[in-house]
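Here is the structure we will look at.
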Amino acid sequence: MAPRPLIIAPSILAADFANLGQDVQRAVSGGADWLHIDIMDGHFVPNISFGPDMVRTVRRIAPETTLDVHLMIEQPDRYARAFIENGADILTVHLEAHHNVHKTLELIRNMGCRVGLAINPLTMIENVFPLLPLVDLLLCMTVNPGFGGQSFMINVLEKVRAARTFIREHNLNVDIEVDGGLDADTAGPSVTAGANVIVAGTFLFKQKDMGAAISNLRYKATEVTSAG
Ligand code: DX5
Ligand code: ZN
C-alpha cells in the first residue's frame, strides 16, 4: 500500500479561548490539515474541557476543515450523536472508557462518521488488534490523557511500530495518530515508527507564525522518513 499522507492536526485545547476564532483561523490559514478537538468529562480524565457546542463553533469558523474529535469521556456511546450532529468528521473513543467498544464503533460508523479508537500509553497494543478492521484511525496517546503541555513518552512508539506492522500485514486502511508532547523533535521518530497523523497543541499555538511552525513540523517529520 502507498505511504499514507502526513496529516498535521493542531489541538485547539492549546488555543487562546479569549481569541478562539482568531486562533482557529491562524491554524487553518497556516496549513492545518485537520483540527483536533479534545473533549474531557472530569471522569475518564481528571480535567474538563468542552462539549458538542465547541464542535459546532469550530465548524462555523472552519467550515472546510476536517474536525477530528477526541472523546476522553466515559460512556461515549451516549454522546456520539451530539458530536456528529454538531460537525465531527472523525469521532475517536477510548478503549479504556466504560462502554461496549464494539457497539460504539458500529454506532459511529452507522451515523456516517469516520471511526477512531484511542489507547492510553500503558494499554497493550494487542488489545486493539481485533478491532482494527472496524476503524479508520488508531490514536496512540503519547502522554496520559487529560492535559496539554506534557512530555512525550517515547516508549509508546514501540506500539506504533507494532500497530503499523499489523495494519500493513492485514492490508487494512487505518491512519495512526500520535497525540501528546509532539514537536519538531518528536514528530520525526513518530512518523518513522509508522504514525501519519501528528496532533500538536502547545508546540503550534505558542508560536507567533503558525504557518512556519506547521511547515517546520511537516519538514521535520518527513525529513526523518525520507532518510530511512
Ligand atoms: C491530551 C490531549 C492532547 C493535547 C495535546 O489529553 O488529548 O490532544 O491537547 O497537547 P500538547 O501538544 O500540548 O501535548
Ligand atoms: Zn487529543
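Taking a ≥ b ≥ c as the square roots of the Cα gyration tensor eigenvalues, with a/c under 1.5 meaning rounded and otherwise prolate when a/b beats b/c, else oblate, which class fits segment 107-228?
prolate
Indicate, rounded to the nearest 5 percent, the antiparallel portion of the DSSP beta bridges found entirely in segment 7-226.
5 percent
About its Cα centre, what dipole magnitude does the chain give when the only charges are +1 on Lys and Arg Cβ and -1 on Asp and Glu Cβ, stated in debye to the nearest 20?
So the magnitude is around 260 debye.
With the dipole of segment 58-112 worked out from charges on the C-beta (+1 for Lys and Arg, -1 for Asp and Glu) around the Cα centre, which of V69, H99, V58 lies farthest toward the positive end?
With unit charges placed on the Cβ atoms, the residue in question is V58.
Of all the accessible heavy-atom surface of segment 109-193, with the other protein chains kept in place and a 1.4 Å probe, what percent is carbon and sulfur?
Using a 1.4 Å probe with all protein chains present, segment 109-193 comes out at 50 percent carbon and sulfur.
Between rounded, prolate and oblate, where does segment 1-51 land on the alpha carbon gyration tensor, with a ≥ b ≥ c its root eigenvalues, rounded for a/c under 1.5, else prolate if a/b exceeds b/c?
Because a/c hits 1.5 or more and a/b fails to exceed b/c, segment 1-51 counts as oblate.
By its C-alpha gyration tensor, with a ≥ b ≥ c as the square roots of the eigenvalues, how is segment 1-118 shaped: rounded for a/c under 1.5, else prolate for a/b larger than b/c, else oblate?
Judged from the Cα gyration tensor, segment 1-118 comes out oblate (a/c at least 1.5, b/c at or above a/b).
Measure off 7 Å from each Cα along the Cα-to-Cβ vector at N100 and K208, then give the distance between these two points in nanometres to one decimal.
Output for this residue pair reads 5.6 nm.
Show me 15-24, 70-79 ranked by packing, highest mean number of other Cβ atoms within 10 Å first.
70-79, 15-24
Rounded to the nearest whole Å², what accessible area per residue is found for segment 7-226 with the 1.4 Å probe?
Accessible surface, normalised per residue, equals 43 Å².
The values are calculated or read from the model by the stated rules, or taken from the named source; none is laboratory data. Note that this is a predicted model, so its numbers are computed, not measured. So basically every Cβ, Gly included, is an ideal-geometry build from the backbone, and we count neighbours across all protein chains shown. In case anyone asks, the SASA skips ligands and DNA or RNA and just uses the protein heavy atoms, side chains included. Shrake-Rupley method; radii C 1.70, N 1.55, O 1.52, S 1.80 Å.
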